[in-house]
Every structure is written in structure tokens, then in C-alpha cells.
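Here the structure is laid out as C-alpha cells; the discussion comes afterwards.
The values are calculated or read from the model by the stated rules, or taken from the named source; none is laboratory data. Note that this is a predicted model, so its numbers are computed, not measured. Using ideal geometry, Cβ is built from the backbone for each residue, glycine included, and neighbour counts are taken over all protein chains shown.
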Amino acid sequence: MYQDILVPTDGSDGTRRSLNHGVTIADRFGATIHALSVVPEGPLGTLQTDEAIPAAERAVERIETEASREGVEVVTAVEQGVPHEQILAYADEHGIDMIVMGTQGRTGLDRVLVGSVTERIVRMADVPVVTVRLTDEIRIEDADEAADIARKTAEQEGYDDISVLEDPHRTSASWIVPLETGSGRVHVHVDAVTSEGRVAKGRE
């Protein structure tokens, strides 16, 4: 299942909310949270200031404190470089099973950067990515409704003999629905806002 969960952070409200969802999932599966903050560096050079690295260190320390309070094991790291590249590289190097990210960061430039980074991670990551929205209204609040969407999603992907393994659980903006199928176990992630489902193969 999920043993190592990556929560990229810039210390903003969006990433603090993603921490809550990451901790919920980690607690359920007995997983380790990996808190990663990337000091951005792009083609025009570094975007860091004298405060950038200390701010990044404070961001991961905050996750460490909050996750430890919930009894979840935590690993922290601060890297410099192109954010989505560093996040994907970290996920690959540390055997990450899931990435949990906010869709918005701080206002202004950071907000654009975080949104752009999240989109790239969703498109390029080889592991499930749970995205956390700040203000969108939750539409799917019932576990049975989430399970129905998960079944239909699995059917559309060509799976058969589908049954729900255990009760779906929600991480605010997403439902995770474990299914048994004729092809093996899978997890379907159902967006609680858009009702869209996505199949991610489960891991033992």
C-alpha cells in the first residue's frame, strides 16, 4: 500500500492543508511523511533571497512538528532547483508511493508557481497524486456515492469483477476507494469537487 508519502511545502495555507490530508493518509496506512521544500531556481537564475532557505527550513519543520504531534513518522528535506524536477527526483530516489499537493500557494508569483508545479507533477509523476483545493465546494460527501463513481471509473478502464474492499475514506478534496477486480487490487481516487475518478494500482 502506501508506505512513503511526499508532501511538498512552501509554508503557505495551501501546503498546510495538504499536510492535513497527507497525515490522514499516513496515519491510516502507517506510512512515513516526507516533507520537501524546494527553493526555486529557473532558467533566469535562482529566485532565492537571503530569507528563502530559512523559510524553506521553517516550512518543513512545521510539517515535522504537526505530523509528529499526530504520531506520524516524518523525514524532512530542503532542495534547490526547478521545483517540479526536484519533487519528481525526490519521489524517485526515495521510493515515494503518493504525492499530496496543494493547488495554490501564496498570493502573487508564488501562487502561480505552485499551481504550475502541481499541474506538472500530476502529468509527470509515476505515482498517485492527491491535489488539495483551498476553497472549492465539496460535492461528493457520501462514501457510497464515491464508491459508485469508483466502480464506474474502473469499468471504463476495462476492469471487471469489481467489488469494494473496504469503506472509502476522504482526505477533504479526494476520496480513496480500494477495489478488488478481476485483474487485482486497485485504488480509485475520486475528486470530491469535480466527481472525476482516476485509477491507481494498489501496492502491497
Return a yes/no flag: does segment 31-48 have any residue that is at pLDDT 90 or above, under 15 Å from LEU6 (Cα atoms) and surrounded by fewer than 20 Cβ atoms within 10 Å (Cβ to Cβ). yes
Condition (residue is at pLDDT 65 or above, of a type outside the set (D, E, K, R), more than 30 Å from SER163 (Cα to Cα) and outside any helix (DSSP H, G or I)) applied to segment 99-120: is it met by at least one residue? yes
Given (1) modelled with pLDDT of 80 or more; (2) outside any helix (DSSP H, G or I), where does GLU85 come up short, assuming only one miss? (2)
Within segment 149-193, tally of residues that are crowded, with 16+ Cβ neighbours inside 10 Å and part of a helix (DSSP H, G or I): 5
